[in-house]
Amino acid sequence: MRSSRFFGSGGVSCDDVADALPAIVDGLEVAAIEVQRHVAACLRCQAELVQYRKVLRTLHQLRTEVLEPTPGLLPDILAALEAAGERRAIHHLLNGRRVAYVGGIAAATAAGAAGAILASRARRKVRLAS
């Protein structure tokens with residue numbers, strides 16, 4: 001463990017302590033004497049220290065806690081995934097058909113327009129030849 005950083009002769013502020021507390025509570029640093037004195041005299045920093053310790057204790061409890069899934073959870077999840085996949089497949093199929101229908105209508109319209117143009121040209125040629 002290394003010693004906490006030097007805070008200078010101006011004293012220690014609550015912000016300095018708040019920055020140093022996580023490493024001190026985790027055991028990564030040792031609190032400097034200035035920090036210890038400040039925390040001993042400052043109710044705000046004492047409350048902050050208590051909160052860090054509570055969080056650390058709760059995190060340690062979570063490490064050992066094992067959550068058991070409720071019976072039937074896995075089949076429920078698989079059924080929901082299957083239903084979502086089916087809905088997506090149906091949606092994709094309907095959208096694909098819609099695109100095909102629009103494409104077919106566009107092709108038929110283009111063919112009809114081309115046929116009308118060719119027919120009108122053929123009529124003009126027949127009139128000119130007569």
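The values are calculated or read from the model by the stated rules, or taken from the named source; none is laboratory data. These numbers come from a predicted model, not from an experiment. Note that we place each Cβ from the backbone using ideal geometry, even for glycine, and neighbour counts take in every protein chain shown.
Please enumerate the residues belonging to region 21-57 that are modelled with pLDDT under 90, part of a helix (DSSP H, G or I) and small (Gly, Ala, Ser).
ALA23
Could you pull out the residue among LEU49, LEU78, LEU73 that is surrounded by 10 or more Cβ atoms within 10 Å (Cβ to Cβ) and closer than 30 Å to VAL12 by Cβ?
After ruling out the rest, the residue left standing is LEU49.
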